[in-house]
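*Asks:* I have a structure I would like to understand better, so I am pasting it below and will then ask my questions one at a time.
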Amino acid sequence: MTKTESLAAQYAQHIIPTYSPSLALVKGRGSRVWDAEGKVYLDFTSGIAVLNVGHCHPRIVEAVRKQTTELMHASNLFYTEPQAQLAARLNTLALGGKCFFCNSGAEANEALIKLARLYGKSRNRFEIITFQNSFHGRTLAALAATGQTKYRNGFEPMPEGFVHVPFNDLDAVRAAITEKTAAILVEAIQGEGGVIPADPNFLRGLRALCDAQDILLLMDEVQCGLGRTGHWFGYQSSGIAPDAFSLAKSLGGGLPIGALVASPKVADTFQPGKHASTFGGNPVTCAAALAVLSVLEDEQLVSRTAKLGAQFRARLETLVGRFPRVKSVRGLGFMLGLVLEEPAKPFVEALREKGLLAIATAETVVRFLPPLNVKETELEEAFEILEEALSELHGMPLPEET
Ligand SMILES: *Cc1c(COP(=O)(O)O)cnc(C)c1O
């Protein structure tokens, strides 16, 4: 039995089967991972948009090592320096207000939802408009916000107060607003939904609708935040700013941390006792996050992502005419989707065989989320694997090298 088979057997016996993993990973460095059998892969999943600065970045490792020797946990009964520093850094990067820390994306969205309800309370506004095909997490309220029935099936009744309308359809939003509407929650790019960017005019329209009626504009930046789109935050691609947004995934460089980032207008909505998290703002995860922000800044990864992401996207687009089963390319920065004419899963498996890890999303989309510090040679290598796999899928020979 191989190590992978042995692990699969242990999982089958002991792990509640909510996932269906493929490889067993034992090591990661930069854009590469090693499986339990010693095979190396280019990791264009980045732990699902978590490893924006790559696997085991030495500065993250050192920050975590140092903090674990000082203070690993305190709880929010006490002040700690990393939490204060991280909030100050985030508030300087965006909105100029205040932060609340938690441990995951779903929890950060729960905090947004609770904040919106509290903010709307005095005017009896509690409804939140979200979008079809959106993804906001698996806790019950985040699931109720998520506009995909497949994730909700079996868990009814859902918490009340959520209305789903078509994405990128401003008239539908206008029609859905009532005297009960407290907030609109939207992703700048729907990630799990299939890498579908919001139209900048749609986001600007939402901002105007919200301003006109004192409705909060909330953005879920869990996947698209922190440089992924070639902007610090996905909403910046449309030039607007939300009243508050959620972060998680890449914030901790691989450690679990989520954040609600609030503008001054809503920064004091929660008062003592209104919300809490035991681990929220833990010194180790905050130290990791501080190192992540420093790496993004010092290695200029946001502008690099805008540049290299556009170049990689342009290369992906050359595949559209060349291979009939490639329909289109979507996305921004290093959040890119290759839309196929057929289910993406077998194709993603073929890529994995050839040493490239990607994610099959929304049935037919191959999602690429390389680390933002991926090397140009690694992008080249990934593209060659992709070309080869597409040639095989189409039963076409690759053109001769000239
Ligand atoms: C992954 C994701 C979430 C949920 O994050 P968890 O940490 O898994 O709870 C929420 N929103 C978006 C946009 C995501 O991509």
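*Asks:* Find the residue count for the stretch 157-185, including only residues that are of a type in the set (A, V, I, L, M, F, W, C) and under 22 Å from the mean Cα position of the chain (by Cα). Explain how you work it out, then say what you get.
*Replies:* Going through the stretch 157-185, the residues of a type in the set (A, V, I, L, M, F, W, C) turn out to be 158, 162-163, 165, 167, 170, 172-173, 175-177, 182-185.
Next cut, under 22 Å from the mean Cα position of the chain (by Cα) only: 162, 165, 167, 183-185.
Going through the stretch 157-185 one residue at a time, the tally reaches 6.
*Asks:* Could I ask something else about it? Take ARG138 and tell me if it is assigned to a loop (DSSP other than H, G, I, E, B), within 30 Å of PRO283 (Cα to Cα) and of a type in the set (Lys, Arg). Reasoning before the result, please.
*Replies:* Details: assigned to a loop (DSSP other than H, G, I, E, B): yes; within 30 Å of PRO283 (Cα to Cα): yes; of a type in the set (Lys, Arg): yes.
Against the criterion (assigned to a loop (DSSP other than H, G, I, E, B), within 30 Å of PRO283 (Cα to Cα) and of a type in the set (Lys, Arg)), ARG138 qualifies.
*Asks:* Considering LEU379, LEU357, which residue is in contact with a Ser or Thr (Cβ under 6 Å, 6 or more places away or on another chain) and at pLDDT 95 or above? Working first, answer last.
*Replies:* Values: LEU379 fails: in contact with a Ser or Thr (Cβ under 6 Å, 6 or more places away or on another chain).
That would be LEU357, the only listed residue that is in contact with a Ser or Thr (Cβ under 6 Å, 6 or more places away or on another chain) and at pLDDT 95 or above.
*Asks:* With respect to LEU77, is the statement that it is under 30 Å from ASP268 (Cα atoms), crowded, with 16+ Cβ neighbours inside 10 Å and more than 16 Å from the ligand (Cβ to nearest atom) true?
*Replies:* no
*Asks:* Determine whether the stretch 99-109 contains at least one residue that is more than 16 Å from the ligand (Cβ to nearest atom) and crowded, with 16+ Cβ neighbours inside 10 Å.
*Replies:* First pass over the stretch 99-109, keeping only residues more than 16 Å from the ligand (Cβ to nearest atom): 99.
Now drop any that are not crowded, with 16+ Cβ neighbours inside 10 Å, which leaves 99.
Looking through the stretch 99-109, at least one residue is more than 16 Å from the ligand (Cβ to nearest atom) and crowded, with 16+ Cβ neighbours inside 10 Å.
*Asks:* Residues that are without any contact (Cβ under 8 Å) to a residue 60 or more places away in the chain and among the aliphatic types (A, V, I, L, M): does the stretch 296-315 have at least one?
*Replies:* Yes.
*Asks:* Now, a different point. Which one of ALA306, ALA289 is small (Gly, Ala, Ser), within 16 Å of the ligand (Cβ to nearest atom) and outside any loop (DSSP other than H, G, I, E, B)?
*Replies:* Numbers: ALA306 fails: within 16 Å of the ligand (Cβ to nearest atom).
Matching residue, one of ALA306, ALA289: ALA289.
*Asks:* Go through the stretch 121-135 and give me each residue that's touching a Ser or Thr at 6+ places or on another chain (Cβ under 7 Å) and either away from the ligand (no atom under 14 Å from the Cβ) or part of a strand (DSSP E or B) (or both). Don't jump to the end; show me each part of the working.
*Replies:* Filtering the stretch 121-135 for residues touching a Ser or Thr at 6+ places or on another chain (Cβ under 7 Å) gives 125, 127, 129, 134-135.
The answer is ARG125, GLU127, ILE129.
*Asks:* Taking ALA116 and the conditions (1) touching a residue at least 12 places away in the same chain (Cβ under 8 Å); (2) more than 16 Å from the ligand (Cβ to nearest atom), which numbered condition does it fall short on, given that it satisfies the others?
*Replies:* (2)
*Asks:* Of (1) surrounded by fewer than 24 Cβ atoms within 10 Å (Cβ to Cβ); (2) part of a helix (DSSP H, G or I), TYR235 satisfies all except one. Which?
*Replies:* TYR235 satisfies all of (1) surrounded by fewer than 24 Cβ atoms within 10 Å (Cβ to Cβ); (2) part of a helix (DSSP H, G or I) except (1).
*Asks:* Which numbered condition trips up LEU93, out of (1) within 26 Å of ALA288 (Cα to Cα); (2) buried (at least 18 other Cβ atoms within 10 Å of the Cβ); (3) more than 16 Å from the ligand (Cβ to nearest atom)?
*Replies:* Just one mismatch for LEU93, condition (2).
*Asks:* If you don't mind, there's one more thing I want to ask. When THR18 is evaluated against the numbered criteria (1) at positive phi; (2) exposed (fewer than 15 other Cβ atoms within 10 Å of the Cβ), which criterion, by number, is the only one it fails?
*Replies:* Against the list (1) at positive phi; (2) exposed (fewer than 15 other Cβ atoms within 10 Å of the Cβ), THR18 comes up short only on (1).
*Asks:* What number of residues within the stretch 351-400 satisfy the criterion of being on the phi > 0 side of the Ramachandran plot, out of contact with any Lys or Arg (no Cβ under 8 Å at 6 or more places or on another chain) and surrounded by fewer than 16 Cβ atoms within 10 Å (Cβ to Cβ)? Even if it seems obvious, please write down each step before you answer.
*Replies:* Keep residues of the stretch 351-400 that are on the phi > 0 side of the Ramachandran plot, which gives 355, 362-363, 395.
Filter once more, keeping what is out of contact with any Lys or Arg (no Cβ under 8 Å at 6 or more places or on another chain): 362-363, 395.
Then keep just the ones that are surrounded by fewer than 16 Cβ atoms within 10 Å (Cβ to Cβ); that gives 363, 395.
Counting residues in the stretch 351-400 that are on the phi > 0 side of the Ramachandran plot, out of contact with any Lys or Arg (no Cβ under 8 Å at 6 or more places or on another chain) and surrounded by fewer than 16 Cβ atoms within 10 Å (Cβ to Cβ) gives 2.
*Asks:* If you don't mind, there's one more thing I want to ask. Which numbered condition in (1) away from the ligand (no atom under 16 Å from the Cβ); (2) hydrophobic (A, V, I, L, M, F, W, C); (3) surrounded by 24 or more Cβ atoms within 10 Å (Cβ to Cβ); (4) part of a loop (DSSP other than H, G, I, E, B) is the only one that ILE240 fails?
*Replies:* Single failed check for ILE240: (3).
*Asks:* Another one. Give me the residue from the stretch 213-232 that is within 11 Å of the ligand (Cβ to nearest atom) and either of a type in the set (Ser, Thr, Tyr) or part of a strand (DSSP E or B) (or both) and, out of that set, nearest to GLY105 (Cα to Cα). Full working, then the answer.
*Replies:* Applying the first criterion (within 11 Å of the ligand (Cβ to nearest atom)) to the stretch 213-232 yields 219-225, 228.
Remaining after also requiring either of a type in the set (Ser, Thr, Tyr) or part of a strand (DSSP E or B) (or both): 219-220.
Values: MET219: 12, ASP220: 9 Å.
Here the residue is ASP220.
The values are calculated or read from the model by the stated rules, or taken from the named source; none is laboratory data. What you see is a predicted model, and the numbers here were worked out from it, not measured in a lab. Please note: Cβ atoms are built from the backbone with ideal geometry, for glycine as well, and neighbour counts cover all protein chains shown.
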